[in-house]
Amino acid sequence: MRFLSDDRAQSIQIGAVLLFGVLVILLSVWQATIIPSQNEDIEFNHNQDIQQQMTELRSTVNSMPGALNTRSVTLGLGVRYPSRTIFRNPGPASGTVQTIGTTDQQFNLTISNATAVESNIDAFWNGTGRQYNTGAIQYRPSYNENQNPPQTTFEHSVLFNRFDREDATLPVTGQALIRDTRLTFVALNGSLSESRVESTSVDFDSISTDTRPVEITDDSGPVTLRMLTALDEQRWRSLLEEERVANGGHVQSISTTEIADSERDLLEVTLESGERYRLQMAKVGVGTGTTNTDPAYLTDISGNDTSIQKGNSQKLTVEVRDKFNNPKSDIRINASAEGGEFRDGSNTTSKRSDLDGQAEFKYTGTDVGTNDINFTIEEGYQPQPGDVHDPTNPENITMVVDVV
């Protein structure tokens, strides 16, 4: 008996193989195109989140003047991709947050031609250029798919993005350095470098934040601010546009100068002459290796230019400040009296400043006339009655009491 041939089973097998091949191709295409695209979207969303967190970091630092406690900001440095049943993901992407220039003395802000309106601090604010080391905080991602993510940097109160491929910068926030006649400057100090996938907490310590705003004006020339910056001149012109003299502000001119072998330029901002400016300064620590401030000058608080009867007493209060105009505690203040004595019966004495940077001396007038009481924080100085202090030395101050 003879059977007819039948090819139907082979057709089914061939169809199954072709269908499987098409499925494999589709999965490969999905893995090669769709999965990277989805991961790039995840990286983009993460970058939006980290920029919001960096904006919070900027607000925290700018609000440190007047703060007495440590403040913290959490940054989600890296990104993890969602688990997939069939498809494969790259490893999690890390991110790095670090300080730049905070230990480099060349990275500073210089205030020139600023003279104190108040006579009790004009020995320090006498027009001499005052330098303040500071720096920047930068976040840099290491994404797998996004090949040109921005580096987000906080510098001189401004948060901005830098795109290396286009060599372009784009401010994310405005500036808080100059607002009308208010000048606010926060110096960053310390060293920080964290690179990880997980979140990290960035702590800001109040090194010198118990602020004493001072009023300054120009003398031999206009008040000038100079600082290193990664933003170009055009960006700073845009940031300070509302503060220009032509727009009702007090910024006279803005210019930048290239610095050899440096990624930053020197920015110079000249303020309008003949104005009084309120200067508020602070020093904030971040990371490790932070340094405290040293006493810079003395100022009289109360008792100067008073009159008492012979044999009566007058309280004289002085204050020690650092170069950020903030009080310094536990600093030895030496005093010597002309034509009188202190509480202990001697005409020389010394005290240490309290938590407010102040020390109070009780002076008793024994000789009729105009008497000088000299105070100094000069290291190793031994006060003697009748010493004449150098009035240009900010570590010295003289009070005057008339005994009648």
Note to self: with every protein chain in place and a 1.4 Å probe, the chain gives an accessible area per residue in Å² of 50 Å²
For Leu279, Leu68, the accessible-area ranking with a 1.4 Å probe, largest leading, is Leu68, Leu279
Carbon/sulfur accessible area of the chain, % of total, 1.4 Å probe, equals 45 percent
So for R0 = 56 Å, FRET eff. of Arg244-Glu379 from the Cβ-Cβ r, to 0.05, ends up at 0.80
The Cα radius of gyration of the range 253-364, divided by 2.2 N^0.38 Å with N its residue count, comes to 1.61
Under the 7 Å Cα-to-Cβ spin-label approximation, Ser195 and Glu118 lie apart by a distance in nanometres of 4.8 nm
In debye to the nearest 20, the charge dipole size for the chain, taken about the Cα centre with +1 at each Lys and Arg Cβ and -1 at each Asp and Glu Cβ, equals 1660 debye
Note, the range 272-281: 3J(HN,Hα) by Karplus (6.51, -1.76, 1.60, θ = phi - 60°), whole Hz, Gly/Pro = x, goes 5, 6, x, 9, 9, 10, 9, 9, 10, 10
Scalar couplings 3J(HN,Hα) for the range 67-83 by Karplus 6.51 cos²θ - 1.76 cosθ + 1.60 (θ = phi - 60°), nearest whole Hz, x for Gly and Pro, are 7, 10, 10, 5, 10, 10, 9, 9, 10, x, 5, x, 9, 10, 8, x, 5
Under the 7 Å Cα-to-Cβ spin-label approximation, Ile14 and Ser142 lie apart by a distance in nanometres of 5.3 nm
Spelling it out for Asn396: with amide H atoms placed in the peptide plane at 1.01 Å from N, the residues 5 or more places away or on another chain with amide H under 5 Å from its amide H are Leu298
Taking 0.36 nm per residue of separation between Asn312 and Thr70 and subtracting their Cα-Cα distance, the length gained on full extension comes to 82.5 nm
Projecting the Cα atoms of Asn126, Ser201, Thr317 onto the charge dipole of the chain, where Lys and Arg contribute +1 and Asp and Glu -1 at Cβ, the residue farthest towards the positive end is Ser201
1/(1 + (r/R0)^6) with r = Cβ-Cβ of Arg88 and Thr291, R0 = 41 Å, i.e. FRET efficiency to nearest 0.05, evaluates to 0.25
Note: probe point = Cα of Gln105 + 7 Å toward Cβ; backbone nitrogen < 18 Å; residues of the range 315-355 passing the test are 323-324
Measuring from the longest principal axis of the C-alpha atoms of the chain, the long axis of helix 8-29 (C-alpha) lies at a number of degrees, nearest 10, equal to 10 degrees
The alpha-carbon center of the range 338-357 and that of the range 173-247 are separated, in whole Å, by 39 Å
In degrees, nearest 10, the alpha-carbon axis of helix 35-62 is tilted away from the dominant principal axis of the alpha carbons of the chain by 10 degrees
Between (1) 24, 49, 24, 3; (2) 24, 41, 25, 9, 0; (3) 22, 39, 22, 9, 4, 2, 1, 0, the structure-derived P(r) over Cα pairs in 20 Å bins from 0, in percent is (3)
Counting only residues 5 or more apart in sequence or on a different chain, those whose built amide H sits under 5 Å from that of Thr293 are none
Counting sequence-distant residues (5 or more places) and residues on other chains, those with an amide H built under 5 Å from that of Gly249 are Arg244
Simple SL model, points at 7 angstrom along Cα→Cβ for Gln48 and Asp167; separation in nm is 3.1 nm
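The values are calculated or read from the model by the stated rules, or taken from the named source; none is laboratory data. Every value quoted in this text rests on a predicted model; they were computed, and no experiment measured them. As a convention, Cβ positions derive from the backbone with ideal geometry for all residues, glycine included, and neighbour counts pool all protein chains shown. The accessibility values were calculated without ligands, DNA or RNA, using every heavy atom of the protein model including side chains. Shrake-Rupley method; radii C 1.70, N 1.55, O 1.52, S 1.80 Å.
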